[in-house]
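What follows is a short report on a single structure.
Every number here is computed from the coordinates shown, using simple stated rules; none is lab data. On a predicted model such as this, the values are computed, not experimentally measured, just so you know. A quick note on method: Cβ atoms are made from the backbone with ideal geometry, for glycine too, and the neighbour counts reach across all protein chains shown.
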Amino acid sequence: MKYFNNSKGLTLVELIISIAIVGIIAVAFLGIFTSGITGIISGGNLTKAGYVAQQAMENQIEGLAISSTAVTASTNPPIPSLPPVAVTLNFTGVAVPITVNGKVEQIEYDDGRYRINIGTFIPNP
C-alpha cells in the first residue's frame, strides 16, 4: 500500500508509458489532419481549374483570345446529348412552337491533373 501513497511524483516507468500513449494519440490525429489538408488543397486546385475554364468561356463568348494553353475552344461541336433548339410553350391548351437559333460554344480545360468541360448555348441576336 505504501507504493500508491508516493507523493514525490511520477516514476520513470510511468513517465515513459504516458509519453508513449500521448505519442500514439498524436500520430492518429496527425494522419487525420494530413488527409484533411490534402483534400483542401485538391479542392482549391479544382476550383482554380474551373475558374480558368469559366474565364476562357467568357473570353470565347466575347470574341477575345484565350490566354491558357490548357484550354481548347470549339464552336458548334457535336454534342449528342444536346436537344434540338426548339421550345414549345402551352397557353391554356394552345401549343405555340417557338424556335430559337444560335450556336453552341464549348471549352475544354485539361492541364494533366484536371479535365473540365463547359458548354453553353448562345442565341442569335
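Annotations
- Neighbour net charge for ALA56 - beta-carbon separation under 15 angstrom, K R +1, D E -1: -4
- Sorted by Cβ neighbour density within 10 Å, fewest at the top, the residues TYR109, TYR51, TYR114: TYR51, TYR114, TYR109
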